[in-house]
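These notes are about the structure you will find just below.
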Amino acid sequence: MAKEPVRVLVTGAAGQIGYALVPMIARGVMLGADQPVILHMLDIPPAAEALNGVKMELVDAAFPLLKGVVATTDVVEACTGVNIAVMVGGFPRKEGMERKDVMSKNVSIYKSQASALENHAAANCKVLVVANPANTNALILKEFAPSIPEKNISCLTRLDHNRALGQVSERLNVQVSDVKNVIIWGNHSSTQYPDVNHATVKTPAGEKPVRGLVGDDAWLNGEFITTVQQRGAAIIKARKLSSALSAASAACDHIRDWVLGTPEGTWVSMGVYSDGSYNVPAGLVYSFPVTCCAGEWKIVQGLHIDEYSRKKLDLTAQELSEEKELAYSCLS
């Protein structure tokens with residue numbers, strides 16, 4: 001029997017990431033090749049014409065799974081009945097802007113979108129925040145959508161996770177699909193901690209630890225970490241635009257694993273509400289290693305954290321606590 005369509009909202013849908021993301025969703029990359037979708041696309045009024053152009057292209061692509069398109073600048077219309085919301089739209093930091101200015105712009109955007117989701121989204125709607133500062137935007141969204149369970153609100157650190165997998169696979173000259181269980185801890189910012197201490201590579205002789213195979217702690221504790229942390233900036237420098245294709249692909253990966261489950265023995269990185277695991281202050285949205293099953297995520301417990309890693313985990317938690325304080329000061 002044919003499945004009922006799932007309604008997927010993409011905010012900022014006429015932008016770079018949105019333009020890369022909507023065809024992936026319509027093609028089944030996010031929810032599977034047998035799952036029909038109805039796309040809800042939201043953008044700001046100045047982008048209305050461009051948004052309509054994206055809608056025309058979706059029609060022209062004749063995606064068999066695409067059962068309808070809502071393209072609108074009205075936040076209530078966009079949020080009505082949605083099962084999954086991918087929040088790509090946000091106010092980007094511009095040259096000369098203070099963090100507080102960016103934060104206060106995003107607080108007002110996320111406040112209005114949160115209340116529209118709160119009042120109009122489908123029950124049990126899953127929300128993924130992509131727009132930066134992603135962790136703190138997710139926190140604000142939770143504040144103004146109190147009836148959405150906190151386990152249903154997450155932020156994107158899968159892009160950083162995928163970047164870490166890519167760096168290891170290039171270094172060892174192995175297939176990226178053979179590398180697993182890297183971890184991104186903390187904030188989707190330059191304080192994040194890409195951790196390979198528990199990561200493995202599939203070899204003809206079985207699974208081997210990444211650290212042993214690389215055999216170069218100086219690289220793993222130095223260049224590897226900074227490359228992953230600074231990759232977004234490097235792409236802006238090269239492309240003169242921020243990461244779009246890779247961000248869209250990571251958003252699909254994040255939702256797919258969340259909804260359909262992670263493979264046995266594999267974990268992924270998601271920005272989720274801290275419950276105090278690994279001594280991370282509760283109430284922050286922080287990236288942890290998680291496994292997913294039946295639409296629910298669970299933080300992987302019991303991993304050994306060495307002294308070097310502990311400092312990195314605490315540093316990024318400190319930054320998130322400061323961001324939280326800044327965001328809450330913008331609420332008053």
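With K and R counted +1 and D and E -1, the other residues having a Cβ less than 15 Å from that of A164 yield a net charge of +1. What's the whole-number percent of alpha carbon pairs in the chain lying beyond 36 angstrom? So the pairs more than 36 Å apart make up 16 percent of the total in the chain. Based on alpha carbons, the Rg and Dmax found for the stretch 1-40 are 10.5, 36 Å. Rounded is the label for the stretch 200-283. Its Cα gyration tensor axes, ordered a ≥ b ≥ c, give a/c under 1.5. Rounded to the nearest 20, the size of the Cβ-charge dipole of the stretch 1-61 about its Cα centre is 140 debye, with Lys and Arg at +1 and Asp and Glu at -1.
Look at the Cα gyration tensor of the stretch 171-224: its axes a ≥ b ≥ c give a/c of at least 1.5 with a/b over b/c, and that counts as prolate. Rg and Dmax, both from the Cα atoms of the stretch 86-232 and both in Å, are 18.5, 54. With the Cα gyration tensor of the stretch 177-332 giving a ≥ b ≥ c as the square roots of its eigenvalues, does the rule (a/c under 1.5 for rounded; else a/b larger than b/c for prolate; else oblate) give rounded, prolate or oblate? Rounded.
Please state, to two decimals, what the Cα-based radius of gyration of the stretch 1-151 comes to when divided by 2.2 N^0.38 Å (N = residues).
1.03
Dimensions of the stretch 35-113 from C-alpha coordinates, computed as largest minus smallest value along each principal axis and given longest first, are 45, 24, 20 Å.
Taking every pair of alpha-carbon atoms in the stretch 28-69, give the share separated by more than 13 Å as a whole percent. Write out the running numbers ahead of the final one.
On the way: 486 of 861 pairs.
Of all Cα-Cα pairs in the stretch 28-69, 56 percent lie more than 13 Å apart.
Summed over the residues of the chain and divided among them, the accessible surface reaches 45 Å² per residue at a probe radius of 1.4 Å.
Which of the peptides 217-229, 16-28 is most tightly packed, and how do the rest follow, going by the mean number of other Cβ atoms within 10 Å of each residue?
Ranking the peptides 217-229, 16-28 by packing returns 16-28, 217-229.
Ellipticity at 222 nm from helices only: DSSP H runs of n ≥ 4 in the chain, each -39500 (n - 2.57), divided by the residue count, give -14000 deg cm²/dmol.
Using C-alpha pairs under 8 Å with a sequence gap of at least 6, the mean separation divided by the residue count of the stretch 236-297 gives a relative contact order of 33 percent.
Explain nothing, just the number: dipole magnitude of the chain about its Cα centre with +1 on each Lys and Arg Cβ and -1 on each Asp and Glu Cβ, in debye rounded to the nearest 20. Mind showing how you got there, number by number?
On the way: 31 positive and 34 negative charges, 67 e Å.
Once rounded to the nearest 20, the dipole reads 320 debye.
For the stretch 29-95, the share of accessible area belonging to carbon and sulfur comes to 58 percent (1.4 Å probe, ligands and nucleic acids excluded). Largest first and in whole Å, the equivalent-ellipsoid semi-axes of the stretch 89-157 read 23, 12, 9, each the square root of five times a Cα gyration tensor eigenvalue.
The values are calculated or read from the model by the stated rules, or taken from the named source; none is laboratory data. Bear in mind the structure is a predicted one, so any value in this text is a computation, not a measurement. Please note: Cβ atoms are built from the backbone with ideal geometry, for glycine as well, and neighbour counts cover all protein chains shown. Only protein heavy atoms, including side chains, enter the accessible area calculation; ligands, DNA and RNA are left aside. Shrake-Rupley method; radii C 1.70, N 1.55, O 1.52, S 1.80 Å.
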